[in-house]
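Chemist: Following this message is one structure expressed as structure tokens.
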Amino acid sequence: MSRVTNEMTVGEMQELKAYDALDYSEDDYDALIRSKTASLMSGACDIGARRADTKVRDHLRRFGLLLGCAFQITDDVLDYTQSQSVTGKPSGQDLREHKITLPLIAARSRMSAAELERVEHLMAEPEPSDDLIADVIATVRHVGGVELAREKALRLSLQAESELDGVPDGHACQGLRDCLSHAVDRRS
């Protein structure tokens, strides 16, 4: 489990240095979620399969990694699409905390100069207003950032599901399929 702990610690440090929204890339984001949520789920799947043969453990480890990535992307999409009653946190909380997530990253290349300037303004504000956050959310949704992030979460979930082809059928395998379905179908 120390591998997972180390990866999660590195992920936290990567997140802390992600200051400039316009410089944070999709590769940076992918590395971050792989080292946090995805490494945790991969480790859990690995531990759960400790008595299985090596090939099954490898499939389950990859399944967990892909599941974790799809789950985190979907969670980040929910911050742009759902209310606090659904997510348990205020809409736009990631933006409020200046966290750069895939919907914003995917939207940037589709934004006008004025829209990008608005994002820069939000990131420069120590406590951005609700109106500014709502404006950036609307822009990200309008230019397709949310949809692009959803599509990536779906692709990752399909890859994760294919990893289960190397796992013996049964209740446990079906439970993992159900987890996968829940991870990406959460009112996004």
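The values are calculated or read from the model by the stated rules, or taken from the named source; none is laboratory data. The shown structure was predicted, so the numbers you read here are calculated from the model rather than taken from an experiment. FYI the Cβ positions are ideal-geometry reconstructions off the backbone, even for glycines, and counts take in every protein chain you see.
Chemist: Can you name every residue in the range 97-119 that is among the charged types (D, E, K, R) and at pLDDT below 95?
Modeler: As a first pass, look at the range 97-119 and keep what is among the charged types (D, E, K, R): 97, 99, 108, 110, 115, 117-118.
Those that are among the charged types (D, E, K, R) and at pLDDT below 95: Glu97, Lys99.
Chemist: Of the residues Ala106, Ala113, Ala153, only one is out of contact with any Lys or Arg (no Cβ under 6 Å at 6 or more places or on another chain), under 23 Å from Glu26 (Cα atoms) and free of Cβ contacts under 8 Å to residues at least 24 places away in the same chain; which?
Modeler: Working: Ala106 fails: free of Cβ contacts under 8 Å to residues at least 24 places away in the same chain; Ala153 fails: free of Cβ contacts under 8 Å to residues at least 24 places away in the same chain.
That would be Ala113, the only listed residue that is out of contact with any Lys or Arg (no Cβ under 6 Å at 6 or more places or on another chain), under 23 Å from Glu26 (Cα atoms) and free of Cβ contacts under 8 Å to residues at least 24 places away in the same chain.
Chemist: Then there is this: Scan (1) part of a helix (DSSP H, G or I); (2) modelled with pLDDT of 95 or more for the single condition Pro128 breaks and write down its number.
Modeler: With (1) part of a helix (DSSP H, G or I); (2) modelled with pLDDT of 95 or more applied to Pro128, the lone miss is (1).
Chemist: May I pose another question? Looking at the range 44-84 only, could you name the residues that are more than 20 Å from the chain's Cα centre (by Cα) and of a type in the set (Gly, Ala, Ser)?
Modeler: Keep residues of the range 44-84 that are more than 20 Å from the chain's Cα centre (by Cα), which gives 46-59.
Result: Gly48, Ala49, Ala52.
Chemist: Answer yes or no: is there a residue in the range 143-157 that is modelled with pLDDT of 95 or more and either in a loop (DSSP other than H, G, I, E, B) or in contact with a Phe, Trp or Tyr (Cβ under 6 Å, 6 or more places away or on another chain) (or both).
Modeler: Among the residues of the range 143-157, at least one is modelled with pLDDT of 95 or more and either in a loop (DSSP other than H, G, I, E, B) or in contact with a Phe, Trp or Tyr (Cβ under 6 Å, 6 or more places away or on another chain) (or both), which makes the answer yes.
Chemist: Return yes or no: is Val119 buried (at least 18 other Cβ atoms within 10 Å of the Cβ), part of a helix (DSSP H, G or I) and not polar (S, T, N, Q)? Steps first, please.
Modeler: Working: buried (at least 18 other Cβ atoms within 10 Å of the Cβ): yes; part of a helix (DSSP H, G or I): yes; not polar (S, T, N, Q): yes.
When the stated conditions are applied, Val119 passes them.
Chemist: From Ala114, Ala106, Ala134, which residue is more than 27 Å from Asp185 (Cα to Cα) and of a type in the set (Gly, Ala, Ser)? Quick ask: steps written out before the conclusion?
Modeler: Values: Ala106 fails: more than 27 Å from Asp185 (Cα to Cα); Ala134 fails: more than 27 Å from Asp185 (Cα to Cα).
Sole residue among the options that is more than 27 Å from Asp185 (Cα to Cα) and of a type in the set (Gly, Ala, Ser): Ala114.
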